[in-house]
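Q: Dumping the structure here so I can ask a few things about it.
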């Protein structure tokens with residue numbers, strides 16, 4: 001904290017324009033001039049001019065080009081600390097007798113399909129009932145944690161992330177198991193051993209496109225299973241398994257919601273995987289991000305049993321129709 005205070009004082013001594021600092025803050029949260037301009041009610045040219053003026057007053061670059069947008073430099077990170085102080089002061093100037101809600105604005109996150117639907121969406125919906133000024137953008141993808149996360153507040157990934165200049169938090173674990181539909185088993189028989197599973201087609205991720213090593217369990221547990229239907233979307237896995245395409249290696253918290261699915265050999269085959277959350281070092285200083293993080297952690301704790309394959313999750317949303325892959 002003392003170091004942060006010293007950095008803020010240094011910026012203040014340079015007479016940075018508070019308006020320019022707020023523009024930088026908006027750019028740091030979206031990683032794009034155009035998005036920041038829309039949020040501030042300005043045009044792209046004005047944002048660019050404000051950033052240039054700030055850099056002139058501070059005597060150095062505050063932003064650098066990165067994959068997907070703009071990244072803060074070390075000087076930019078110090079300037080953002082000052083900008084957050086300005087924002088906090090302005091937030092106290094609400095209507096008389098009304099304290100403005102600090103849990104407001106846009107929080108951007110990425111997560112896997114299943115986590116987004118069953119953990120993130122309900123958690124955010126509940127949070128927004130108390131904080132209607134909050135908006136959360138959720139982009140679904142299954143990948144490793146990024147090394148540069150311009151414009152991204154929260155990442156939820158499977159497996160422990162190896163990241164720099166970021167904070168990683170273990171959210172909890174979930175279990176995957178082998179499932180088949182009752183109609184499929186009636187037609188093809190119930191495998192009694194792990195070896196017999198090898199005689200059935202596997203419904204799972206596209207092996208050549210799988211970016212997460214922790215999700216490669218079927219190739220290790222049942223290497224002789226041939227691919228049946230494969231997809232980058234876990235909802236496709238669930239629906240293809242329900243339709244009888246083969247034996248699916250599915251998250252228990254999703255598969256157990258469907259009475260037409262049967263878990264196979266639960267005591268012999270399965271995989272326990274962790275969900276990790278990755279945040280930029282500055283993200284948790286924003287009340288809105290901190291509130292979303294807490295809501296995700298609470299939702300994970302409430303549904304721990306279902307995540308571990310020990311029963312259905314109460315009040316879980318129905319599985320959406322699988323989106324068309326293109």
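Q: Please state which of the following conditions residue 128 fails to meet, knowing it meets all the rest: (1) closer than 30 Å to residue 275 by Cβ; (2) touching a helix residue (DSSP H, G or I) at 6+ places or on another chain (Cβ under 8 Å); (3) at pLDDT 85 or above; (4) surrounded by fewer than 20 Cβ atoms within 10 Å (Cβ to Cβ).
A: Just one mismatch for residue 128, condition (2).
Q: Only one residue in 251, 223 is more than 20 Å from the chain's Cα centre (by Cα) and either in the same structural domain as residue 309 (by TED's automatic domain parsing) or modelled with pLDDT of 95 or more (or both). Which one?
A: Step by step, each of 251, 223 is checked, and only 223 is more than 20 Å from the chain's Cα centre (by Cα) and either in the same structural domain as residue 309 (by TED's automatic domain parsing) or modelled with pLDDT of 95 or more (or both).
Q: While we're looking at this one, here's another question. Can you tell me which residues in the range 268-289 are under 14 Å from the mean Cα position of the chain (by Cα) and part of a helix (DSSP H, G or I)?
A: 283, 289
Q: For the range 160-174, how many residues meet the condition of being within 26 Å of residue 262 (Cβ to Cβ) and buried (at least 19 other Cβ atoms within 10 Å of the Cβ)?
A: Total meeting the criteria: 1.
Q: Next up: Go through the range 176-214 and give me each residue that's buried (at least 18 other Cβ atoms within 10 Å of the Cβ) and more than 17 Å from residue 240 (Cβ to Cβ).
A: Within the range 176-214, 191 is the sole residue that qualifies.
Q: Would it be correct to say that residue 58 is over 30 Å from residue 236 (Cβ atoms), crowded, with 20+ Cβ neighbours inside 10 Å and more than 28 Å from the chain's Cα centre (by Cα)?
A: Yes, satisfied.
Q: Another question, then. Looking at (1) touching a helix residue (DSSP H, G or I) at 6+ places or on another chain (Cβ under 8 Å); (2) surrounded by 18 or more Cβ atoms within 10 Å (Cβ to Cβ); (3) not in a helix (DSSP H, G or I), find the lone condition where residue 71 falls short.
A: Checking residue 71 against (1) touching a helix residue (DSSP H, G or I) at 6+ places or on another chain (Cβ under 8 Å); (2) surrounded by 18 or more Cβ atoms within 10 Å (Cβ to Cβ); (3) not in a helix (DSSP H, G or I), the one that fails is (1).
The values are calculated or read from the model by the stated rules, or taken from the named source; none is laboratory data. Only a predicted model underlies this, so the values are computations on that prediction, with no experimental measurement involved. So basically every Cβ, Gly included, is an ideal-geometry build from the backbone, and we count neighbours across all protein chains shown.
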